[in-house]
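The values are calculated or read from the model by the stated rules, or taken from the named source; none is laboratory data. Keep in mind the model is a prediction, meaning the values are calculated, not measured. Every residue, glycine among them, receives a Cβ derived from its backbone with ideal geometry; neighbour counts consider all protein chains shown. Areas reflect the complete protein model, heavy atoms only, side chains present, ligands, DNA and RNA absent. Shrake-Rupley method; radii C 1.70, N 1.55, O 1.52, S 1.80 Å.
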Amino acid sequence: MNLYSLPAHSLLVLLERGEVSSEEILSSFLKRVEEVEPELNAFITLFREDSLSQAREIDRLRIKGGKLGRLAGIPIAVKDNICVQGKRTTCGSRILSDFTSPYDATVVKRVKNEGAIILVKTNMDEFAMGSSNENSFFGPVKNPFDPERVPGGSSGGSAAAVCAGEVPMALGSDTGGSVRLPASFCGVVGLKPTYGTVSRFGLVAFASSLDQIGPITRDVEDCALLLGVIGGYDPQDSTSIDRPLPHFSSNLRRGIKGLRLGLPQEFFPSGIDPPVKEALNRAIDQLSSAGAEIEEVSLPHTDKAIATYYIIADAEASSNLARYDGTRYGHRAQEAVDLLDMYNRTRDEGFGDEVKRRIMLGTYVLSSGYYDAYYLQAQKARTLIRRDFEDAFSMCDLILTPTSPTPAFKLGEKIDDPLLMYLSDIFTVTANLAGLPSISIPCGKTEDGLPIGMQIIGPPFADGEILRLAYAYEQLSSE
Ligand code: GLN
């Protein structure tokens, strides 16, 4: 068995038993990177030498019997919108292509404190805007199952890297599905925690009321492990929630007997791909045989979700991205005649088409005269969507849906039709609008071998319950 195909918790057991060294683990992943990376393009910046010397350092500490963290000697990938001190953070954009982070994001500090080794910053849709990872200044990422297909976005580099065995675990960010959609397209596990559970300090802001950082891993146990490391209160993020974090890993095996699972009819429309529907039906049967109770529930405002999300996300983005004007960060246009011209040229040269589209739409929906018609309406619809979930959770404990109506689509298939692209997020955006925890886990494959994802959504702070159901399903489906 190759080390690169093992999840982090298995690697940690081997490390503890002294059967492998961290340097051997790093070398195995680096060799794999050489094999697959030229085709995948999942990476933006690789820290080969730094990582190897950190691995040797941890090996020395282990031999000496020094205190080791929960992820000691495990390589990890970080999406390139999360700051790592002294390294560049590009957000997949030309405008930040030379920007070096002056500090570590809280999540980065926490994984480093536990001894994890940051191996790479991963490719992504520019400023996390996209569903296919085709909007990157550094070129598209390919799906490891089929290089003609997209890995999903916007954390496509993180998901493809975990899927292909370039790293055992990764961090992504999820504003409207960007952890879960690529996890589903790449056949890995991806969790968006309850809003406020994981600090956003050091995450480059896209839409601040929706953004959450989440783990992307090979299995549910690693997901619980990584969430336990990155989660918990951080005074540096004003939206961080001061509440004790449950012990996710030790609660995974508590079983699912009597758990009430809600199936929202709106998430099983007739347009859904037959293999996706069949895979979900099989999973529902398995879970019901294992003792879960299945209930029909309704989330009646789901048809408003895409419009609501794209108004709110773009409005917040237009404001958050105002800071990239060539003055303080990154790229600055050279041939400007005056200050305004410098701003204009910098932004014109620095941003790609999709980001410009979002800034224009966001500015429009916030402009006086249109604010009430769009932004205010969207906020009201957001409240209705949140209430739908409150009602549904009075009937069930957790909600089960497909992560996406289709498996991974072809590169180029939707890129010229933004609306079609936005519709890929139909099942994921509501959890962000309502602030709810939600996971995507592998749930079978199509006849062509493309992975299908199942999504579990929970009420606020049910991250642990979601992981428990996900773990139970993972066990059932591997039997
Ligand atoms: N695909 C969605 C968008 O383009 C979600 C992105 C995200 O979650 N970062 O906005």
key: Portion, in percent, of the accessible area of the stretch 166-304 that falls on carbon or sulfur, probe 1.4 Å   = 49
key: Estimated distance in nm for a label pair at E447 and E278, the labels positioned 7 Å out from Cα along Cα-to-Cβ   = 0.7
task = Using the 4.7 Å Cβ rule, please list in number order the cysteines from the chain without any candidate partner.
result = C83, C91, C223, C396, C443
request  = From the P(r) of the stretch 135-267, can you give the percent of Cα pairs sitting at distances over 24 Å?
outcome  = 35
task = Whenever you get a sec, compute what percent of the accessible area on the stretch 59-107 sits on carbon and sulfur atoms (1.4 Å probe).
result = 51
task = Between E24 and L420, take the C-beta separation as r, use R0 = 41 Å, and let me know the FRET efficiency to the nearest 0.05.
result = 0.35
ask   = How big is the Kirkwood radius of the stretch 303-414, worked out from every pair of different alpha carbons and given in Å to one decimal?
value = 17.1
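Give me the extension gain from L61 to S5: residue separation times 0.36 nm, minus the current Cα-Cα distance, reported in nm with one decimal. Working shown, then result.
Details: separation 56, 0.36 × 56 = 20.16 nm, distance 2.53 nm.
My answer for the length gained is 17.6 nm.
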note = Calc'd 3J(HN,Hα), the stretch 121-127, phi into Karplus 6.51 cos²θ - 1.76 cosθ + 1.60 (θ = phi - 60°), Hz, glycine/Pro = x, comes to 9, 9, 5, 6, 5, 3, 6
key: Pairwise label distance in nanometres, L476 with D303, each label 7 Å out on the Cα-Cβ vector   = 3.1
remark   = Here, the chain modelled as identical Cα point scatterers in vacuum has Debye log10 I(q)/I(0) at q = 0.07, 0.09, 0.10 Å⁻¹ of -0.33, -0.55, -0.69
query = Can you list residues whose amide H is under 5 Å from E293's amide H, if they're 5+ apart or on another chain and H is modeled 1.01 Å from N?
reply = G258, L259, R260, L261
note = In whole Hz, the Karplus estimates of ³J(HN,Hα) for the stretch 206-222 (6.51, -1.76, 1.60; θ = phi - 60°; x where Gly or Pro) are 10, 10, 4, 7, 10, 5, 9, 8, x, x, 10, 9, 6, 8, 6, 4, 5
remark   = The long-range amide H neighbours of V120, using H built 1.01 Å from N in the peptide plane and a cut-off of under 5 Å, are F47, I76, V78
query = If the limit is 30 Å between Cα atoms, which of K380/K410; K142/K445; K121/K277; K67/K87; K79/K257 go over it?
reply = K380/K410; K121/K277; K79/K257
inquiry  = Explain nothing, just compute: Karplus ³J(HN,Hα) = 6.51 cos²θ - 1.76 cosθ + 1.60, θ = phi - 60°, for every residue of the stretch 234-242 in order, whole Hz, x for Gly and Pro.
reply    = 9, x, 7, 10, 5, 9, 6, 9, 8
request  = Could you pull out the longest piece of the chain with no exposed loop trypsin sites (Lys or Arg not before Pro) in it, calling a site exposed if DSSP puts it outside H, G, I, E, B and it has at most 15 other Cβ atoms within 10 Å?
outcome  = 68-252
message = Positive end of the dipole of the stretch 58-126, charges at C-beta (+1 Lys, Arg; -1 Asp, Glu), about the Cα centre: which of G69, T122, Y103 has its Cα farthest in that direction?
response = G69
key: Label-to-label distance, nm, for residues given as T327 and Q286 (7 Å Cα→Cβ offset)   = 5.5
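Could you do me a favour and compute the accessible area per residue for the chain, 1.4 Å probe, result in Å²?
On the way: 18370 Å² over 479 residues.
That works out to 38 Å² for each residue.
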request  = Compute the Cα gyration tensor for the stretch 375-462, then decide on rounded, prolate or oblate, letting a ≥ b ≥ c be the square roots of its eigenvalues: rounded whenever a/c is under 1.5, prolate when a/b is larger than b/c in the other cases, and oblate in all that remain.
outcome  = oblate
